[in-house]
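Please read the structure below before turning to the comments.
Bear in mind that the values in this text are calculations on the coordinates, not laboratory data. All values reported here derive from a predicted model rather than from experimental measurement. Reconstructed Cβ throughout: ideal geometry from the backbone, glycine too, with neighbour counts over all protein chains shown.
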Amino acid sequence: MIQGIGASAGIAIGKTFVLPNWEWDLPEQKIDVSDLAKEFERLYEGIRTSKHEIEQIKDELAEVVGTEERNIFDAHLAILNDPVFMNEIQGIIKRQYKAAEVAVKEAIDHFVTMFDLLDDEYMKERAIDIKDVGNRLLKHLLGAPEITLPADTQPFILVAKEISPSQLAHLNPQHVLGIVTVSGSTTSHSAIMARALGIPLVVGIDMDLEALVATGDRMVLDGNTGIVILNPSTEQVDAYSELQNRHAEHRDRLRSIAGLRAVTPDGKEIELAANISSLKELEVALRAGAMGVGLFRTEFLYMDRNRFPEEEEQFEVYKAVAERLNGSPLIIRTLDIGGDKQLDYFEVGNEENPFLGYRAIRISLDRKDLFKTQLRAILRASAFGSVKVMYPLISSVEEVRAAKAVLEEVKAELKREGKAFDGGIENGIMIELPAAVSIADFLAEEVDFFSIGTNDLVQFALAVDRMNERISHLYQPFHPAVLRMLRSTVEAAKSKGIHVGVCGELAGDPRALPLWLSLDVDELSMSSHAILPIKERLLCTTRRDSRELLNRLEACRTAQELIGELEAYKQTVDAGMASSSSARNDSGR
């Protein structure tokens with residue numbers, strides 16, 4: 001039995017295929033000065049071909065995965081456009097008179113080594129992206145063939161030192177039972193892709209897999225626990241087959257509750273909505289029983305292009321989502337760029353701390369032309385459904401009033417133009433800064449609803465960058481200080497009679513569900529895959545018990561104590577759910 005890290009849930013049982021390393025050892029190839037122009041042209045042709053190939057992958061994935069996964073390949077295109085990466089390659093060709101493929105290989109090795117030395121898991125993962133892009137470019141320069149996979153008629157478990165997003169994009173999910181790799185993490189681009197494709201994945205195997213595993217070996221892979229069993233016994237195969245069947249039954253059971261109201265046994269109902277970035281993601285959410293969209297991230301409309309989207313482009317997208325929801329609520333968050341979300345065509349300038357810099361509502365209020373264009377599109381779409389507008393990164397009453405004033409200007413313009421819109425469209429704000437929590441009672445008098453963005457709230461409250469490996473353990477969503485902030489925010493909203501929802505990762509965390517029930521939150525908005533598991537738990541969790549739990553939680557002085565109480569409560573609910581499931585199975589026999 002080998003222990004790795006479960007990065008994409010599911011169980012795979014079958015024969016292995018060991019993927020050869022997608023790398024080349026290149027001898028030194030010097031060129032004459034007279035050949036420089038020819039080498040540069042070879043390089044540029046390879047770049048053009050690589051870009052075209054990446055665009056094709058994006059198009060092929062459009063019917064399979066969401067915007068987040070396709071944006072991985074925007075990052076690959078950005079690498080090919082990165083002047084630092086390209087200057088490194090060009091410099092090696094021009095100064096050292098080396099062939100284009102040798103220059104590309106040396107540049108890849110340079111940047112991968114540099115990133116691998118950084119004590120930051122996020123940057124280590126970016127090294128895989130650089131290697132992926134560089135190897136694609138090398139393939140075209142060398143005229144090397146693609147690595148061929150086994151025939152589609154024979155499903156297999158893929159074993160590799162590492163797996164790149166490009167390689168994953170070329171896999172047929174119907175014929176790949178699972179994947180196990182030596183390197184990688186749960187936050188890597190490859191893990192994101194595997195989860196979107198529904199392929200079980202185990203990463204971080206701390207041993208030489210290629211020496212242990214041969215193509216054709218039998219394997220059991222558990223993407224939930226990270227366990228890998230090579231050449232399993234009959235008993236082990238039977239046990240995991242039974243587990244696999246139970247998982248399938250549970251999946252079917254979840255699908256059967258998609259149409260049920262999300263209400264506790266003692267009558268507390270919570271709206272379960274979805275966080276989306278596109279119409280395609282909306283379809284997945286609706287199949288999971290989403291009651292609306294609690295967060296429509298509009299950034300995707302601004303990315304993967306060379307200019308800001310026009311009003312008409314935005315209007316058509318917002319309108320299509322509103323119509324598809326057929327009266328269910330649609331909360332559209334205004335542009336939230338800056339920080340880690342940059343646009344190639346919009347120069348923000350160098351900032352020492354971009355997360356605390358020129359971003360989100362600050363950009364919108366500074367660039368009223370951009371803000372008004374988006375608000376016009378949102379208002380026009382409001383004539384076609386239950387549309388609401390939400391402003392991100394609010395820290396003061398002044399910002400809210402300024403945003404509302406711009407909205408009123410746009411309403412007046414549309415009215416003069418005779419264009420239809422909902423004159424009573426609701427305004428809301430993201431509560432994601434400690435400052436907003438502190439003045440939540442003032443802010444609640446200015447807006448119609450709050451949506452608590454727990455990801456940034458936790459990060460800012462604890463001053464912890466969760467992508468920084470050295471301090472990521474300090475990122476504690478269940479820190480007592482966070483609990484107090486959540487409670488005071490909800491109480492401020494309730495005291496003013498406004499709707500309050502949650503749209504960060506904690507909304508879809510099963511351990512946090514009793515918190516939301518006890519605090520009397522109105523709505524939880526989450527990733528589509530989390531909706532049914534949360535609904536299943538909500539149907540078995542009482543508000544009465546949740547309130548009793550909250551009293552114990554408020555006495556906890558550390559995150560560990562708080563998590564211990566939540567885990568114990570979760571296990572109690574789990575036992576009740578298992579008992580209920582067993583009773584249903586017995587009655588069906």
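Summary of values
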{"item": "FRET efficiency, Leu365 to Asn231 (Cβ-Cβ, R0 51 Å, nearest 0.05)", "result": "0.25"}
{"item": "For Leu177, residues with placed amide H under 5 Å, excluding near neighbours", "result": "Phe156, Ile157, Leu158"}
{"item": "For Gly226, distant residues with modelled amide H under 5 Å away", "result": "Gly6"}
{"item": "Computed over the chain: relative contact order in percent, which uses C-alpha pairs under 8 Å that are six or more apart", "result": "14 percent"}
{"item": "Order of Cys503, Cys540, Cys556 - criterion: other Cβ atoms within 10 Å of each residue's Cβ, fewest first", "result": "Cys540, Cys556, Cys503"}
{"item": "Vicinal HN-Hα couplings computed from phi for segment 43-58 (Karplus, 6.51 cos²θ - 1.76 cosθ + 1.60; Hz; Gly/Pro x)", "result": "4, 5, 5, x, 5, 4, 5, 5, 4, 4, 5, 5, 4, 5, 4, 4"}
{"item": "Cross-link reach list, lysines versus Lys388, counting only Cα pairs under 17 Å and skipping chain neighbours closer than eight places", "result": "Lys319, Lys372, Lys404, Lys411"}
{"item": "Calculated FRET value between Ala555 and His247, using beta carbons and R₀ = 45 Å, to 0.05", "result": "0.75"}
{"item": "Added length on full extension, which subtracts the Cα-Cα distance from 0.36 nm per residue, Gln3 to Arg401", "result": "137.9 nm"}
{"item": "Packing-based exposure ordering (other Cβ within 10 Å, fewest first) of Val317, Val104, Val490, Val397", "result": "Val397, Val317, Val490, Val104"}
{"item": "Those lysines that a straight Cα-Cα span of less than 26 Å connects to Lys139, excepting residues fewer than 8 apart in one chain", "result": "Lys30, Lys38, Lys51, Lys58, Lys94, Lys98, Lys105, Lys124, Lys131, Lys161"}
{"item": "Eligible lysines near Lys268 by straight Cα distance, threshold 19 Å, same-chain separation 8 or greater", "result": "Lys494, Lys535, Lys570"}
{"item": "Calculated [θ] (222 nm, deg cm²/dmol) that DSSP helices of n ≥ 4 give over the chain, each run adding -39,500 (n - 2.57)", "result": "-16000 deg cm²/dmol"}
{"item": "J(HN,Hα) series, segment 326-334, from Karplus relation 6.51 cos²θ - 1.76 cosθ + 1.60, nearest Hz, glycine and proline x", "result": "6, x, 6, x, 10, 9, 9, 7, 5"}
{"item": "Other-chain or far-sequence residues with amide H under 5 Å of Val502's (modelled H)", "result": "Ile452, Glu523, Leu524, Ser525"}
{"item": "Theoretical gain in end-to-end length, Asp344 to Arg324 [0.36 nm per residue, Cα-Cα removed]", "result": "4.1 nm"}
{"item": "Order of Tyr345, Tyr475, Tyr358 - criterion: other Cβ atoms within 10 Å of each residue's Cβ, fewest first", "result": "Tyr345, Tyr358, Tyr475"}
{"item": "Antiparallel DSSP beta bridges within the chain, percent to nearest 5", "result": "30 percent"}
{"item": "Computed lengthening from Asn306 to Thr49, 0.36 nm per intervening residue step minus Cα-Cα distance", "result": "90.5 nm"}
{"item": "Estimated vicinal HN-Hα couplings, Hz - segment 479-484 in sequence order (Karplus 6.51, -1.76, 1.60; Gly, Pro = x)", "result": "5, x, 5, 5, 4, 5"}
{"item": "Given charges at beta-carbon only (K, R positive; D, E negative), |dipole| of the chain in Debye", "result": "1380 debye"}
{"item": "Longest segment of the chain lacking GluC sites (Glu not before Pro) that sit in a DSSP loop with at most 15 other Cβ atoms within 10 Å", "result": "147-309"}
